[in-house]
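Here the structure is laid out as structure tokens; the discussion comes afterwards.
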Amino acid sequence: MTYTRNCSILDLTERKGSEAGGEGVPRPMKCRKVCQMPRTREFHPAGGSPRKEAVVLTVDEYEAVRLIDRQGFSQEECSAYMQVARSTVQSIYNSARKKLAEALVDGRSLRIEGGNYQLCDGSEVYCGCGGCRRHRLACMGRTEQGGCDHKNCGPIG
């Protein structure tokens, strides 16, 4: 089962209108592939209550930070994994860094939620990070049958 959050699909009539040069119809936002939901979704400053409302980091922003900063992906590798353009990854990553700085510098809580993303369903032959639980289970099954030869089937960071 694939979990999709805020990913819109335009019907044929809407596409025809925008392809014909119709004004006012924005280009549909492309879903960003995410390996798994974050284990921890809220962070709070130590020593008292937060001063202001929480900074909200979207799940796709979290994924870009995880892939680039934690896993060491380049922006191009990250874009291939998330199935969006490199310029989109750059925009997502810059937005995430700004929000992280805001939370750290201003002593605000950080909450991870929302965004335009689709969780990996583990059905792909090759999973970009090799670490999502669904993919590892599928690889273990293929390995037991002698069929998995992935180099990156290690645990996720």
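From the list L137, L104, the one residue that fits, being modelled with pLDDT of 70 or more and loosely packed, with under 15 Cβ neighbours inside 10 Å, is L104. For A96, the requirement of being surrounded by fewer than 16 Cβ atoms within 10 Å (Cβ to Cβ) and either at pLDDT 90 or above or in a helix (DSSP H, G or I) (or both) is not met. For region 107-131, the set of residues classified as part of a loop (DSSP other than H, G, I, E, B), under 16 Å from A54 (Cα atoms) and either of a type in the set (A, V, I, L, M) or modelled with pLDDT of 95 or more (or both) consists of E113 only.
Pick from region 56-77 the residues that are over 15 Å from N94 (Cβ atoms) and in contact with a Lys or Arg (Cβ under 6 Å, 6 or more places away or on another chain): which of them is surrounded by the fewest Cβ atoms within 10 Å (Cβ to Cβ)? Across region 56-77, the extreme among qualifying residues is E76.
The values are calculated or read from the model by the stated rules, or taken from the named source; none is laboratory data. For clarity, every value in this text was computed on a predicted model and none was experimentally measured. Cβ sites come from the backbone with ideal geometry, for glycine too, and all protein chains shown count toward neighbours.
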